[in-house]
Amino acid sequence: MSSDGKQYYIDAAKRSMQWHKDYIDKMRKCRFDTIAVHGVYSMQEALDFNQGSVIEPIYMSTSQTYRDSDEMEAALAYQIPTWCYSRIANPSMYYFEGVLALLETYGSEHTATCCATSSGISAIDSACDPFLVIDKKNPGQKMNFVATCKVYGGTFQQFAIRKDQERNIEWRKVVNSTNIEEWESLIDENTRFLYGEMPSNPGQAFFDIEKVAELARKNRIPLIIDSTVATPALMRPINWGADIVIQSVTKTMTSSGFGISGAVIAKNNLNHLKIDNDELKANFGFYLKGLPNRDNGPNISPMNAILALNDIRTLRSKIDLMSRNTMKVAEFLVKHKHVEQVDYLGLESHPLHKLAKKYLVLVDSEYDELYKEKVNRYGHLMSFRIKKGAQATRDVFDGLQRIWRATDLGRIKSVATIPSISTHSQQGEEGRKIADIPANLIRLCVGAEHPDDIIADLDQALSVLDGKKIAVSSPEYSAGGASSARLRK
């Protein structure tokens, strides 16, 4: 090993990192759509390293080779940038993470770092677990975290079973997230973080980020926000005071549905946190990637990183279109005789509409030739409740012909599910009760189809409650395959 040789690589890396920083600083001055299209992939990098490829390449390789032992030693000590092993890092991941970090801080002076994960649920675990470490000074004290109870069913299970039940880390549930006094009453010296999902899946729960962020800062703990439904095209929680943002990138951000992916985007320099971990506070995203996620292995694959990246390029225009479509569908359903309640933040009748209006704004709409002013958009997710109970809800659901029956959301195609028997079934009746997920609720994610066709499908499905017969698909699938073979047995 040569100390001079290793220093050569360290010095070269510093020059390279400075060049990339300067390039990213230039990108930060571009508009949202430009950042989404180009990200951190430069023409210079394309020419120098990627055969001039206009689109970011997929690096389908498990590892990187090194020029000599000096470069390897510097790389494995994290003294120079490296993608030593694709469980930890990979150029394709870098392109993906770079664009998310820029989009989540767009319009602010903040900088952030992203750690991409294999799924949204692994992003939640990655964001929360580093704060759930035993306090060596007070090892006997029971840890807790404060989080809204109106969350995705998988999040509920992770918090209630994996953390609370199995690890004895108390989940203190916020039932009414708009009540700041309720948040404050649940926080004590052993609270490790505050957590909320907004808009929530499926109930559209929402709260004032700025006020909850003030509580978090007062107690020197992080505020973690799952912003999957909104995406940075509508809301950027870091700009409102949150410390960490979670994206289940599988969903709204990547509407194609080709792959599973998640991301943790964290504001840099979290020096206000009371946790005794300087590396974590300095750069939480890199800390995750280089240490806990290196050891636990939940990071994204190169293929899924590029598939997601390609979908993100048109994020703003897709969110705008799907939001406008959803608004039309919600306005139809709210007037329907068989619908008991419609939950969509875009409706002025929704009790949280005014609060949501403050935060959910189509990014750069004031620079758009169509609008020329800031306009509100409320996303693609909504839910509605059928008047005649659980069986009537199933009958309507089974009558859908254009809207796909699936547990997915955020697709370019409209998708619906009944959360009480699917996404939120495992949390039990009591858990669904506090999260306000009754058996007569249908979650609907409106896609990019013409809204008239989605409304027509809903109308004919709801007509089953008038005694009209609807022709439904036969279980004998014409396409064949394993699913149909099982049904024929």
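Restricted to Cα positions, what overall size does region 1-102 have along the principal axes? Three whole-Å values, descending.
Extents along the principal axes: 47, 27, 24 Å.
Charges at C-beta only: +1 for Lys and Arg, -1 for Asp and Glu. How large is the resulting dipole of the chain about its Cα centre, in Debye rounded to 20?
Taking the Cα centre of the chain as origin, the dipole is about 1060 debye.
Cut-off is 10 Å between beta-carbons; in what order do 128, 30 appear when sorted fewest neighbours first?
30, 128
For region 76-169, which trypsin sites (Lys or Arg not before Pro) pass both filters: DSSP loop (anything but H, G, I, E, B) and at most 13 other C-beta atoms within 10 Å?
Filter output for region 76-169: 136, 137, 142.
I'd like the Karplus ³J(HN,Hα) series for region 194-208: coefficients 6.51, -1.76, 1.60, θ = phi - 60°, whole numbers in Hz, and an x wherever there's a Gly or Pro.
Per residue, the Karplus-derived 3J(HN,Hα) values read 10, 9, x, 10, 7, x, 7, 9, x, x, 6, 4, 8, 8, 7 Hz.
With charges only on Cβ, +1 for K and R and -1 for D and E, what is the dipole size of region 85-312 about its Cα centre, in debye, rounded to 20? If you can, show how the numbers build up before the last one.
Numbers: 22 positive and 25 negative charges, 66 e Å.
The dipole magnitude comes to about 320 debye.
Rounded to the nearest 0.05, what FRET efficiency is calculated for residue 176 and residue 335 with R0 set to 35 Å and r the Cβ-Cβ distance?
0.80
Residue-wise, which Karplus ³J(HN,Hα) couplings in Hz belong to region 402-418, taking 6.51 cos²θ - 1.76 cosθ + 1.60, θ = phi - 60°, and x for glycine or proline?
9, 7, 7, 8, 6, 8, 6, 8, x, 6, 5, 9, 5, 9, 9, 8, 9
Over 19 Å between Cα atoms: which of 150/433; 218/274; 136/274; 137/267 fall into that group? Before the final figure, lay out each step's value.
Working: 150/433 10 Å; 218/274 11 Å; 136/274 14 Å; 137/267 27 Å.
Check vs 19 Å cut-off fails for 137/267.
By per-residue mean of other Cβ atoms within 10 Å, what is the highest-first order of 389-400, 100-111?
Packing proxy ranking, top to bottom: 100-111, 389-400.
By the scheme Lys and Arg +1, Asp and Glu -1, what is the net charge of all other residues having a beta-carbon under 11 Å from that of residue 198?
-2
Collect residues whose amide H, placed 1.01 Å from N in the peptide plane, falls under 5 Å from the amide H of residue 174; neighbours closer than 5 in sequence don't count.
For residue 174, the qualifying residues are 147, 148, 149.
Take every Cα pair under 8 Å in region 315-488 that's 6+ residues apart, average their separations, divide by the length, and report that relative contact order as a whole percent.
24 percent
Based on the mean of other Cβ atoms within 10 Å per residue, sort peptides 176-189, 418-431 so the most packed one is first.
Averaged packing, sorted descending, gives the order 418-431, 176-189.
Taking 8 Å as the Cα distance limit and 6 or more residues as the minimum spacing, I'd like the relative contact order of the chain as a percentage. It would help to have the intermediate numbers written out before the result.
Details: 928 pairs, mean separation 73.5, N = 489.
The normalised contact order for the chain reaches 15 percent.
With unit charges on the beta carbon (Lys/Arg positive, Asp/Glu negative), name the residue among 344, 91, 180 whose Cα is farthest towards the positive pole of the charge dipole of the chain.
After comparing all options, I get 344.
Provide the per-residue ³J(HN,Hα) series for region 284-290, in order, calculated from phi with Karplus coefficients 6.51, -1.76, 1.60 and θ = phi - 60°, each as a whole number of Hz, with x at glycine and proline positions.
3J(HN,Hα) across region 284-290, in whole Hz: 4, x, 5, 4, 4, 4, x.
Choose one of 139, 250, 305: the residue whose Cα lies farthest towards the positive end of the charge dipole of region 85-312 (beta-carbon charges +1 Lys, Arg; -1 Asp, Glu; about the Cα centre).
In region 85-312, that residue is 139.
For region 315-488, with the dipole built from +1 on Lys and Arg beta-carbon atoms and -1 on Asp and Glu ones, taken about the Cα centre, which of 458, 426, 326 lies farthest toward the positive end?
Towards the positive end, the residue furthest out is 426.
Give the share of C-alpha pairs in each 20 angstrom bin for the chain, from 0 to the last occupied bin, in whole percents, shortest bins first.
Result, from short to long distances: 22, 53, 22, 2, 0 percent.
Please give the peptides 403-411, 39-47 ranked by average Cβ packing (other Cβ atoms within 10 Å per residue), highest first, as a rough proxy for protection.
Top of the packing list down: 403-411, 39-47.
Which pairs, out of 251/354; 211/337; 163/357, put more than 29 Å between their alpha-carbon atoms?
Too far apart for the 29 Å limit: 211/337; 163/357.
We did not get these values from a lab; they are worked out from the coordinates using the rules stated. Keep in mind the model is a prediction, meaning the values are calculated, not measured. Quick reminder, even Gly has a Cβ in these numbers, built from the backbone with ideal geometry, and neighbours come from all protein chains shown.
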